[in-house]
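**Q** This is the structure, below, for whatever I ask next.
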Amino acid sequence: MRYIPLIAMFFAATACNEGGGKSTYNAGAYTLTEQYHLDADSVFRFAARKDLPEAEADRLFRQAIDKYRNKKDPAGALPLFRQSILKAPRAAAFFEYGNALSDLGNGDKSLQSDMSTKQALQAYHIADLLGYKPLSKLLYNTACIYAKMEQEDSAFHYLVSAIEFGYTNTDQIYKDQDLAKLRAHRWRFDNEITTALSGASDPDRLLWKLFSREFQPLELPVVFDLKYGEDKTFDDVTYDFEKFIPEMRDGKFSRDVGSEFYYIGSVQSTPLYTVVTYAVKDVMMDEAAPLCYYLASFDPNGKLLDKLIVGGHRILDEPFRVGKITANGDVEVKKFAVRYEKDPATSGYAENKMEEMNEVGVEYFAISADGHITPKSAPLAMK
């Protein structure tokens, strides 16, 4: 694969327009200022702190996404992205910040536009270093930046790398206005794209592989209760993989704003099926809302076979579930009636004490030989 960090060469040869120095040191801990928010070393030193206000950064990030994607206001979103980054740097924030900076320069040849484009590359570079996923989308957007800068060799390099790392939207490649100048070199464009796509002959299956490999094996047995995620950090599932998660497609709220999705882990993997767990948080309900955990099975091509809620709930009126999954594929789901000090629908979950949690039922399931999640009678014991 071609992905060699040309973007790093750009930074080695170009002084950072918005800070090339280091972060300041204050009271024994690194701080990050707006002047240095695109300096990779400063960002990494600051991100290493353990006391960053993650929830506040997430809130600002969602506001920025809302303004950028839903209100179509990239200029208005930039200050919010910066505020989020200065609270707690995240790969997704730098990626979307780069997108907004790139959009700001579209169709404009001014000095400010040129600066925004270079800053977009800097933001993508930091998003890459922070582990943004899927890498294919980051590489594709980087190719678009270089194409707009009329740096054709770099643009082709990143476009081919994007395809090799799983970018599958060929319709977008042939219609994207950002790549228009690359398509003007018709013979080279067709040859580069055809060669790259030949290594990804089944784009849908490749997308499934990119999605499924992010689920690391879970240590079984596992219990998805209120305490499960307290000491864990989960990676986000992006909307590039919405075909595998129905809740992404039928959500009530705007994309990227109403719900957050997380990889939890792999339960079983055989030649016939793969069983994983993912989680959903309805942040529009409340940032402190508990996660809802899903057990889902897929065939070898990524077609959803079955799914089951094994922890939490998506609707307040439903029982709260606590699920246990064992190594042999047995699943126990206990249901609880939960009463809080205040109604979560109006008062939220933060600083809202749970006063009662009474069991109201239990169900048992098993993962069948073909990968379906089937009901079963109560076992003698869940081991």
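The values are calculated or read from the model by the stated rules, or taken from the named source; none is laboratory data. Since this is a predicted model, take the numbers as computed values, not measurements. Note that each Cβ is placed from the backbone with ideal geometry, even for glycine, and that neighbours are counted across all protein chains shown. For the accessible areas, the whole protein counts, side chains as well, though only heavy atoms, and no ligand, DNA or RNA atoms are used. Shrake-Rupley method; radii C 1.70, N 1.55, O 1.52, S 1.80 Å.
**Q** If only one of 77, 92, 100 is under 24 Å from residue 233 (Cα atoms) and either of a type in the set (A, V, I, L, M) or touching a residue at least 60 places away in the same chain (Cβ under 8 Å) (or both), which one is it? Step through it out loud before you land on a result.
**A** Numbers: 77 fails: under 24 Å from residue 233 (Cα atoms); 100 fails: under 24 Å from residue 233 (Cα atoms).
None of the other options fit; the residue is 92.
**Q** For the stretch 155-177, how many residues meet the condition of being of a type in the set (Asp, Glu) and either open to solvent by less than 40 Å² (accessible area, probe 1.4 Å) or in contact with an Asp or Glu (Cβ under 7 Å, 6 or more places away or on another chain) (or both)?
**A** We begin by selecting, within the stretch 155-177, every residue of a type in the set (Asp, Glu); these are 164, 171, 176.
Checking the rest, the ones that are also either open to solvent by less than 40 Å² (accessible area, probe 1.4 Å) or in contact with an Asp or Glu (Cβ under 7 Å, 6 or more places away or on another chain) (or both) come to 176.
Residues meeting the conditions: 1.
**Q** Is it fair to say residue 351 is outside any strand (DSSP E or B), without any contact (Cβ under 8 Å) to a residue 24 or more places away in the chain and open to solvent by 70 Å² or more (accessible area, probe 1.4 Å)? Walk me through it before giving the result.
**A** Working: outside any strand (DSSP E or B): yes; without any contact (Cβ under 8 Å) to a residue 24 or more places away in the chain: yes; open to solvent by 70 Å² or more (accessible area, probe 1.4 Å): yes.
Spelling it out, residue 351 is indeed outside any strand (DSSP E or B), without any contact (Cβ under 8 Å) to a residue 24 or more places away in the chain and open to solvent by 70 Å² or more (accessible area, probe 1.4 Å).
**Q** When you scan the stretch 16-29, do you find a residue that is at pLDDT 95 or above and open to solvent by 60 Å² or more (accessible area, probe 1.4 Å), even just one?
**A** Of the residues in the stretch 16-29, the ones at pLDDT 95 or above are none.
Looking through the stretch 16-29, none of the residues is at pLDDT 95 or above and open to solvent by 60 Å² or more (accessible area, probe 1.4 Å).
**Q** So which residues in the stretch 82-91 are assigned to a helix (DSSP H, G or I) and either touching a Ser or Thr at 6+ places or on another chain (Cβ under 8 Å) or open to solvent by less than 10 Å² (accessible area, probe 1.4 Å) (or both)?
**A** Filtering the stretch 82-91 for residues assigned to a helix (DSSP H, G or I) gives 82-87, 91.
Selection gives 84, 85, 86.
**Q** On the basis of being closer than 26 Å to residue 177 by Cα and modelled with pLDDT of 95 or more, does residue 94 make the cut? So that I can check it myself, show each step before the final result.
**A** Details: closer than 26 Å to residue 177 by Cα: yes; modelled with pLDDT of 95 or more: yes.
Yes.
**Q** A further question on this structure: Can you confirm whether the stretch 354-370 contains a residue that is more than 25 Å from residue 208 (Cβ to Cβ), open to solvent by less than 70 Å² (accessible area, probe 1.4 Å), under 23 Å from the mean Cα position of the chain (by Cα) and of a type outside the set (Lys, Arg)?
**A** Looking only at the stretch 354-370, we keep the residues that are more than 25 Å from residue 208 (Cβ to Cβ), and these are 354-364.
The next check asks that each one be open to solvent by less than 70 Å² (accessible area, probe 1.4 Å); those that pass are 354, 357, 361-362, 364.
Okay, now just the ones that are also under 23 Å from the mean Cα position of the chain (by Cα), so none.
The answer is no, given that none of the residues of the stretch 354-370 is more than 25 Å from residue 208 (Cβ to Cβ), open to solvent by less than 70 Å² (accessible area, probe 1.4 Å), under 23 Å from the mean Cα position of the chain (by Cα) and of a type outside the set (Lys, Arg).
**Q** Give the stretch 322-348 a look and list any residue that's over 15 Å from residue 379 (Cα atoms), without any contact (Cβ under 8 Å) to a residue 40 or more places away in the chain and in a strand (DSSP E or B), or say none.
**A** Across the stretch 322-348, the qualifying residues are 335, 336, 337, 338, 339, 340.
**Q** Return the total of residues in the stretch 219-238 being among the β-branched types (Val, Ile, Thr) and either on the phi > 0 side of the Ramachandran plot or open to solvent by less than 50 Å² (accessible area, probe 1.4 Å) (or both). Quick ask: steps written out before the conclusion?
**A** Residues of the stretch 219-238 that are among the β-branched types (Val, Ile, Thr), as a first pass: 222-223, 233, 237-238.
Filter once more, keeping what is either on the phi > 0 side of the Ramachandran plot or open to solvent by less than 50 Å² (accessible area, probe 1.4 Å) (or both): 222, 237-238.
Residues meeting the conditions: 3.
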